[in-house]
Structure formats: C-alpha cells, structure tokens
Amino acid sequence: MLEIKEFNKIIVANWKLNGSNDFLEAYFEELDSKNLRLNVCGVICPPTAYIQNCYSKLHSLYLGAQDCSKFKEGAYTGEISASMLKENNCIFCIVGHSERRQVFKENNEDIKIKAAQLLNEKIIPIICIGETLEQKKMHKTHEVLKEQVINSLPPNSSKESVIIAYEPIWAIGTGMTASLEEINDIHEYLKKDIKEIEDYKILYGGSVNSKNASEIMNLENVDGVLVGGASLKADQFSEILKA
Ligand code: PGA
C-alpha cells in the first residue's frame with residue numbers, strides 16, 4: 001500500500017463519466033508538456049474503461065478508480081471488483097461519491113463493504129461524505145457527516161490506509177464552494193472530534209479550480225483536494241497540481 005503519510009498534499013482528479021481515447025491522448029500530451037515536478041501525490045481517476053490506457057501515460061501521477069463492486073466475484077453482470085482494479089494498477093479508489101449515493105442509491109453499508117474489499121486488495125479507499133444544502137440550512141452538517149463517517153468506515157480502517165473526502169453536495173459542479181473558514185472548521189471537526197477518524201487525511205471537494213485550489217489547500221486542516229470539472233482540463237489540473 002502506498003505510504004500516504006509521506007505526502008503533504010493529495011490531489012485527486014475525478015473524471016466521472018467523461019473521456020475518450022482521443023481525449024486521453026491530448027490530455028497527457030498537454031500535461032507532459034508542462035514538465036511538472038510534483039511534490040504532492042497526484043491521482044487520476046478515469047472511467048474504468050480507460051484505466052489501462054491512462055496507466056501507460058501517467059508518469060509521476062498515480063492511478064485511481066471511481067468505484068468498485070461490493071462483490072468479490074460471481075454472477076454480477078457489469079461489476080468490477082477490487083482485485084480487478086488491483087491487477088490493473090489502481091492505487092486509490094473513490095467510494096461513496098454523492099453521485100453514487102444519490103443516483104445509484106448507495107448507502108453507508110454498501111460503501112463500508114466496498115471500502116473493506118479495497119483494503120483487502122491494499123487499495124486506498126477515498127470515502128466521500130457531504131451534506132445537502134437543506135441539511136446545511138438546518139444546521140445538521142456535523143451530525144450528517146458523523147453519521148456517514150461512522151457507518152461507512154470499514155472495521156480494519158486506519159489513518160494510513162483510508163482517506164476521507166468532504167464534499168458538500170451543494171458545492172459539487174455548481175461553482176459554489178464552501179467558505180475557507182467553513183472548510184477549515186469542518187475539517188477540524190472531522191479530524192479532532194470524530195475519534196474514529198482522528199488525524200485521518202481529509203480532502204475537500206466541490207467546485208475546486210485553478211483559482212481557488214491553493215488557498216483551500218493552504219488551510220491547516222486540509223490535506224488535499226478532489227477535483228471534478230476542473231480536472232478535465234489539463235492546463236487547469238496542472239495548475240492545481242502546482243498550487
Ligand atoms: P466538481 O466535482 O469539482 O466538478 O465540483 C467534484 C466531485 O464531484 O468530486
């Protein structure tokens with residue numbers, strides 16, 4: 001398993017359901033032309049179909065997946081297991097993204113099982129949590145996050161093997177980010193007040209771009225970012241990797 005404690009910051013690109021072979025060619029050609037000397041852990045999570053193609057082009061970045069099956073093997077048409085991701089060089093895997101929770105109705109129990117499967121394969125799960133706008137307005141953010149964390153953390157989890165990504169749902173793909181103070185306070189709450197994830201690495205996600213990435217990453221309690229839309233543009237993502 002990769003030693004995540006060695007990295008000061010972790011920057012993850014979540015391409016979601018985007019990309020093509022042509023896109024990959026152009027993207028990595030542009031990224032390579034920047035001659036990046038990374039002192040962060042940079043991760044690309046392409047759609048599963050492009051994992052192999054991506055791996056051959058990554059150089060100093062790491063490979064991640066966007067999801068995995070909760071099943072090991074068997075009659076589960078369309079699924080991809082943690083061991084298959086491992087065989088295809090995935091070091092990280094996002095689980096419990098709010099789009100999986102909302103569109104595909106995944107619950108904390110599903111996410112816990114997926115994260116456990118990943119840990120068995122020595123893949124680092126990036127477990128996503130986040131509140132809706134309604135929950136935020138009702139001042140339920142802390143309560144919601146705690147409930148999600150506690151119920152989606154696998155039993156053999158540790159700060160060396162699991163990463164948490166705080167992604168307020170109202171900030172994803174909307175151009176609205178939480179305020180810096182809000183982000184720092186929530187990360188502090190997660191790291192210090194929820195003993196199950198004390199001192200875990202916590203990433204922030206939700207409308208991170210090349211303009212706001214560095215101030216977000218400089219916050220004391222933020223260990224990196226999970227980037228959706230802006231990670232699809234090689235020039236923007238390279239700026240974020242340098243931030
Ligand atoms: P966004 O997505 O950066 O486009 O808001 C973040 C995410 O969904 O992980």
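Tabulated values for the structure
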| item | result |
| --- | --- |
| Apportionment of accessible area to carbon and sulfur, segment 31-156, percent (1.4 Å) | 49 percent |
| Helix-only [θ]222 nm of the chain, DSSP H runs n ≥ 4, -39500 (n - 2.57) each, per residue, nearest 500 | -9500 deg cm²/dmol |
| Segment 102-218, accessible area per residue, ligands and nucleic acids excluded (1.4 Å, Å²) | 46 Å² |
| Highest-first arrangement of 196-203, 16-23, 143-150, where packing means the average Cβ count within 10 Å | 196-203, 143-150, 16-23 |
| Segment 104-136: trypsin sites (Lys or Arg not before Pro) falling in loop per DSSP and having at most 14 other Cβ within 10 Å | LYS105, LYS122 |
| Residues of type aspartates and glutamates that LYS70 reaches as a straight line, Cα spacing below 18 Å, ignoring anything fewer than 8 places off in the same chain | GLU79, GLU87, GLU99, GLU106, GLU109, ASP110, GLU121 |
| Whole-Å distance, taken between Cα centres, linking segment 32-104 and segment 165-203 | 22 Å |
| Alpha carbon convex hull of segment 66-211, projected area averaged over orientations, nm² | 9.2 nm² |
| Normalised contact order of segment 156-205, rounded percent, pairs of Cα under 8 Å and 6 or more residues apart | 57 percent |
| Calculated P(r) tail over 16 Å for segment 39-147, as whole % of Cα pairs | 61 percent |
| Rounded D (µm²/s) - segment 132-243, Kirkwood Rh over Cα pairs, Stokes-Einstein at 25 °C, 0.890 mPa s | 169 µm²/s |
| Cα gyration tensor shape for segment 1-57, rounded if a/c is under 1.5, else prolate or oblate | oblate |
| Relative contact order of segment 81-190, pairs being alpha-carbon contacts under 8 Å that are 6 or more residues apart, as % | 28 percent |
| Sparsely packed GluC sites (Glu not before Pro) within segment 1-58, loop by DSSP, other Cβ within 10 Å at most 15 | GLU3 |
| Among the listed pairs LYS86/LYS233; LYS5/LYS122; LYS112/LYS137; LYS16/LYS57, those beyond 25 Å (Cα-Cα) | LYS86/LYS233; LYS112/LYS137 |
| Under 18 Å from the Cα of LYS136 - lysines, other chains or at least 8 residues apart | LYS146 |
| When segment 188-243 is reduced to its Cα atoms, the Kirkwood hydrodynamic radius in Å | 11.9 Å |
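The values are calculated or read from the model by the stated rules, or taken from the named source; none is laboratory data. Because the structure is predicted, anything quoted here is derived from the model rather than measured. Cβ sites come from the backbone with ideal geometry, for glycine too, and all protein chains shown count toward neighbours. Areas reflect the complete protein model, heavy atoms only, side chains present, ligands, DNA and RNA absent. Shrake-Rupley method; radii C 1.70, N 1.55, O 1.52, S 1.80 Å.
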